[in-house]
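The values are calculated or read from the model by the stated rules, or taken from the named source; none is laboratory data. None of these values were measured; they are calculated from a predicted model. In this analysis, Cβ positions are derived from the backbone assuming ideal geometry, glycine residues included, and neighbour counts consider all displayed protein chains. Accessible surface areas use protein heavy atoms only, side chains included; no ligands, DNA or RNA. Shrake-Rupley method; radii C 1.70, N 1.55, O 1.52, S 1.80 Å.
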Amino acid sequence: MSLIEVRDLVVNFHSRRERRRGRPNAVDGVSLAVRPDETLAVVGESGSGKTTVARCVAGLQTPQAGTVLFDGAPVGRVAKRPPEVRRAIQMVFQDPAASLNPRMTVRSIIAETWRTHRSAAPADRSWDDAIAELLRDVGLDPGVADRRAPSLSGGQCQRVSIARALALRPRLLVCDEAVSALDVSVQSQILRLLAGLRASRELAILFITHDLGVVRQIADRVAVMHQGRLVETATADDLFERPGHPYTRKLLDAALDLEGA
Amino acid sequence: MSAITVRTRLWPVRLRSTPAVATAAAVVLACYLLVGLVGPLLIPYDPVATSVADRLLPIGAVRQDGTLALLGTDGAGRDMLGQLVHGARTSIVIGVSVVATCLAVGLALGTLAGYLAGWTDVAISRLIDVLMAFPGILLAIVIAGLFDQGMLVVVLALSVAGWVAFARLARGLTLSLRVRPWVDAARLIGVPTPVVIVRHIIPFVIGPVTALATTEFAGAVLSEAGLSFLGLGLPSSTVSWGQVIANGKDYLDTAWWISALPGLALTGLVVSTGLLGDHLTQRLGSSR
Ligand SMILES: Nc1ncnc2c1ncn2[C@@H]1O[C@H](COP(=O)(O)OP(=O)(O)OP(=O)(O)O)[C@@H](O)[C@H]1O
Ligand SMILES: [Mg+2]
């Protein structure tokens, strides 16, 4: 069974009157599913609605129509979700520095998750030990715990964001362009980190990106979005070998042009 | 020029707010604070103890009993120095109380409106619009006139419209802060809304709001003097510069010091506070 399933999602940011005048939907009837242990990449050009789908899954955006099912049960916006569902879906954002409150230390950022979800807090040892281990798990020096976001590099911030998400032992990690703001060498470090965590923690990942190179490194399956619609879903291998939809072919050609140049 | 700022100023002269000017303003302000808070303990003054023999003594004159009236006396023979010092305390106490009330109310309502959006925002924003449609001082006059004279009434009368500026500022900043990813991350974790506002929004609002508080302090001091001048402010048992100015208006040609001294004291306080506020606005106004 799918861990998370999205059915006929419709999101429109325009007012009701503008919608009646035929302003297009930002997301227009998207359905997709992520199985446990699977990494699904959502690709598409800028403005195709990828972020909006991710935010609906996370419950940060309320769709006009459609349902989000977690473990087969419909879930609403984040404030309405039961705590265990809320815990199970965490997100890593695009902007590394802005993902962390610049006035808070890494320690208090991670501790905030446990103060909110007592059931996820480490019971058998001190929080400081648990934070140190968590930071080591994401490839950071435990000394980072006392620092704040403005003194960290983009890659370090993103690792802290991942650590914050992992602190709640989630089952689905939504990554919205999580490596787009990083340079290429740091990108592949973070992607390797995610791939490793996925294996060790039974984590499903919904990975939003516009970069097909990233898709090739991390995804099991790929969903291609174009102007708010899903045009193709395929396994990563199939997609690169036999793109089905003309738009997918165009995306692949564009990516190849970039690599060749 | 990168930006054009349109802002009402409390004084007509344009003084550039350099660090030196700001430091000078801070020093002047510190002197006022010292005089207002320590002075009344050193210089006793009784507003009902009049002395006909010592009426209208000029600056530096000697009283009947041989003591020096350093800054002269008023039409009832009361010591001007004592009135200035005790008036300073009144101004500071009223100014701080009004600003504290306005800041607390404005910060709470402004961040709530900006963060919750929806009908909360509509309700609070309409209230702000309505209050902005009245001149604040007129509202204060009406409220002060409706109740008995007293410290609490004056503070409330000046706060009723005063919180609006804080709320508008806080709401605007919150609107841009609530879409920051760190706020989304907190919502995702399930951090309760009041905690999100206090921990993830307010620390980034408080800087500009503090700068505004300085400017509003000057406004509150000036308004209190205005109310007291009109006889709507504090009871005569409490010394207020506005009252002293009003007491002296019959003697403007013969005993100018009665109105002029508290007027100068008021001007000095308001201008230095305004200058410091300007500097703080520049430094903290565009904080992240
Ligand atoms: N908060 C919002 N208010 C109004 N319109 C929005 C909002 N968020 C997104 N949109 C619009 O919805 C459409 C889809 O946006 P979305 O951010 O989901 O695209 P995206 O695929 O993530 O693009 P990118 O690759 O540039 O991040 C765009 O046309 C965008 O302008
Ligand atoms: Mg996006």
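Summary of values
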| read-out | value |
| --- | --- |
| So B:Leu138, is it open to solvent by 60 Å² or more (accessible area, probe 1.4 Å) and either out of contact with any strand residue (DSSP E or B) (no Cβ under 6 Å at 6 or more places or on another chain) or at positive phi (or both) | yes |
| Some residue of the range A:8-23 being within 16 Å of ligand 2 (Cβ to nearest atom), more than 14 Å from chain B (Cβ to nearest Cβ) and crowded, with 22+ Cβ neighbours inside 10 Å | yes |
| Residues satisfying the stated conditions in the range B:226-248, i.e. touching a Ser or Thr at 6+ places or on another chain (Cβ under 8 Å), open to solvent by 10 Å² or more (accessible area, probe 1.4 Å) and within 19 Å of B:Ile137 (Cβ to Cβ) | B:Gln243, B:Ile245, B:Ala246 |
| Residues of the range A:85-107 satisfying the condition of being more than 16 Å from ligand 1 (Cβ to nearest atom), modelled with pLDDT of 95 or more and either open to solvent by 60 Å² or more (accessible area, probe 1.4 Å) or under 25 Å from A:Val186 (Cβ atoms) (or both) | A:Gln90, A:Leu100, A:Asn101, A:Pro102, A:Arg103, A:Met104, A:Thr105, A:Val106, A:Arg107 |
| Residues of the range B:182-213 classified as more than 8 Å from chain A (Cβ to nearest Cβ), aliphatic (A, V, I, L, M) and crowded, with 18+ Cβ neighbours inside 10 Å, total | 10 |
| Filter result (touching a Leu at 6+ places or on another chain (Cβ under 8 Å) and part of a helix (DSSP H, G or I)) within the range B:63-84 | B:Met80, B:Leu81, B:Leu84 |
| Matching residues, the range B:29-57, being open to solvent by less than 60 Å² (accessible area, probe 1.4 Å) and touching a residue at least 60 places away in the same chain (Cβ under 8 Å) | B:Leu29, B:Tyr32, B:Tyr45, B:Pro47, B:Leu56 |
| Qualifying positions in the range A:82-116 - under 20 Å from the mean Cα position of the chain (by Cα), within 8 Å of another protein chain (Cβ to nearest Cβ) and in a loop (DSSP other than H, G, I, E, B) | A:Phe93, A:Gln94, A:Asp95, A:Leu100, A:Asn101 |
| Scan of the range B:158-181 for residues that are over 30 Å from B:Leu222 (Cβ atoms) and open to solvent by less than 10 Å² (accessible area, probe 1.4 Å), ordered by number | B:Leu177 |
| Entirely in the range A:154-225, the helices (runs of 4 or more DSSP H) that have 3 or more residues that are more than 14 Å from chain B (Cβ to nearest Cβ) and open to solvent by 20 Å² or more (accessible area, probe 1.4 Å) | A:184-201, A:212-218 |
| Identity of the residue in the range A:70-81, open to solvent by less than 20 Å² (accessible area, probe 1.4 Å) and under 18 Å from B:Val195 (Cβ atoms), that ends up farthest from the other protein chains (Cβ to nearest Cβ) | A:Arg81 |
| Sole exception among (1) within 23 Å of B:Arg187 (Cβ to Cβ); (2) more than 16 Å from ligand 2 (Cβ to nearest atom); (3) outside any strand (DSSP E or B) for A:Met1, by number | (1) |
| The range A:34-67 - residue that is open to solvent by 10 Å² or more (accessible area, probe 1.4 Å) and in a strand (DSSP E or B) and, of those, nearest to ligand 2 (Cβ to nearest atom) | A:Gly66 |
| Residue pairs meeting the criteria (Cβ under 9 Å; at least 6 apart or on separate chains; first over 18 Å from A:Leu173 (Cα atoms), in the range B:180-194; second of a type in the set (Phe, Trp, Tyr)) | B:Arg180/B:Phe204; B:Thr193/B:Tyr115 |
| Of all residues in the range A:68-81 being part of a strand (DSSP E or B) and within 17 Å of the chain's Cα centre (by Cα), the one that is nearest to ligand 1 (Cβ to nearest atom) | A:Val68 |
| Near pairs, Cβ below 8 angstrom, 6+ apart or cross-chain, from the range A:42-57 (within 7 Å of ligand 1 (Cβ to nearest atom)) to any residue that is among the small types (Gly, Ala, Ser) | A:Ser48/A:Gly228; A:Gly49/A:Ala26; A:Gly49/A:Gly228; A:Lys50/A:Gly44; A:Thr52/A:Ala26 |
| Pairs with Cβ under 6 Å, 6+ apart, first in the range A:90-109 and away from ligand 2 (no atom under 16 Å from the Cβ), second of a type in the set (Phe, Trp, Tyr) | A:Leu100/B:Trp182; A:Asn101/B:Trp182 |
| Condition check for A:Val78: in contact with a helix residue (DSSP H, G or I) (Cβ under 9 Å, 6 or more places away or on another chain), under 20 Å from B:Asp184 (Cα atoms), in contact (Cβ under 8 Å) with a residue 40 or more places away in the chain and away from ligand 2 (no atom under 16 Å from the Cβ) | no |
| Criterion violated by A:Asp183 - all others in (1) more than 17 Å from A:Lys50 (Cβ to Cβ); (2) within 14 Å of ligand 1 (Cβ to nearest atom) satisfied | (2) |
